[in-house]
1. Step by step: first the residues of segment 63-78, then only those that are in contact (Cβ under 8 Å) with a residue 12 or more places away in the chain and part of a loop (DSSP other than H, G, I, E, B), then the one that is nearest to the chain's Cα centre (by Cα). Which residue is that?
2. Among what's in segment 1-10 and is within 12 Å of the chain's Cα centre (by Cα) and buried (at least 16 other Cβ atoms within 10 Å of the Cβ), pick the residue that is modelled with the highest pLDDT.
3. Are any residues in segment 45-56 part of a loop (DSSP other than H, G, I, E, B), touching a strand residue (DSSP E or B) at 6+ places or on another chain (Cβ under 8 Å) and touching a residue at least 40 places away in the same chain (Cβ under 8 Å), and if so, which ones?
4. Among (1) under 16 Å from residue 100 (Cβ atoms); (2) touching a helix residue (DSSP H, G or I) at 6+ places or on another chain (Cβ under 8 Å), which single condition is residue 38 missing?
5. Restricting to segment 18-56, give me the number of residues that are surrounded by fewer than 16 Cβ atoms within 10 Å (Cβ to Cβ) and more than 10 Å from residue 72 (Cβ to Cβ).
6. Can we say residue 83 is surrounded by fewer than 19 Cβ atoms within 10 Å (Cβ to Cβ), outside any loop (DSSP other than H, G, I, E, B) and more than 12 Å from the chain's Cα centre (by Cα)?
């Protein structure tokens with residue numbers, strides 16, 4: 001979830017109903033005995049499965065089921081800063097990111113290829 005959530009950050013999540021999660025929300029879920037923090041980018045209807053994606057990843061995750069869902073991230077603690085991602089600015093930024101997230105591979109993939117050519 002870099003750059004929004006960085007290595008060493010602590011995230012705090014709130015238990016909410018699966019049907020309450022919406023595009024733009026950062027959610028916590030468990031899959032294959034691993035914990036993930038990714039952004040919801042798509043939900044066709046309240047009964048539909050959630051589609052999530054890490055902000056810096058090229059592709060979407062497999063659809064998220066109700067049994068995998070743990071809750072919504074509400075706060076990030078970074079050193080001495082406390083970032084409330086339920087504030088209006090963060091909510092609007094999250095919705096914007098969810099809207100453009102499906103096209104991010106067109107930016108990240110060529111950028112990574114260029115980096116490997118230049119850096120090795």
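The values are calculated or read from the model by the stated rules, or taken from the named source; none is laboratory data. Keep in mind it's a predicted model, so treat the numbers as computed, not measured. As a convention, Cβ positions derive from the backbone with ideal geometry for all residues, glycine included, and neighbour counts pool all protein chains shown.
1. The residue in question is 63.
2. For segment 1-10, the residue satisfying everything is 5.
3. Across segment 45-56, the qualifying residues are 54, 55.
4. Failed condition: (2).
5. Residues flagged as surrounded by fewer than 16 Cβ atoms within 10 Å (Cβ to Cβ) and more than 10 Å from residue 72 (Cβ to Cβ) within segment 18-56 amount to 13.
6. So residue 83 passes the test.
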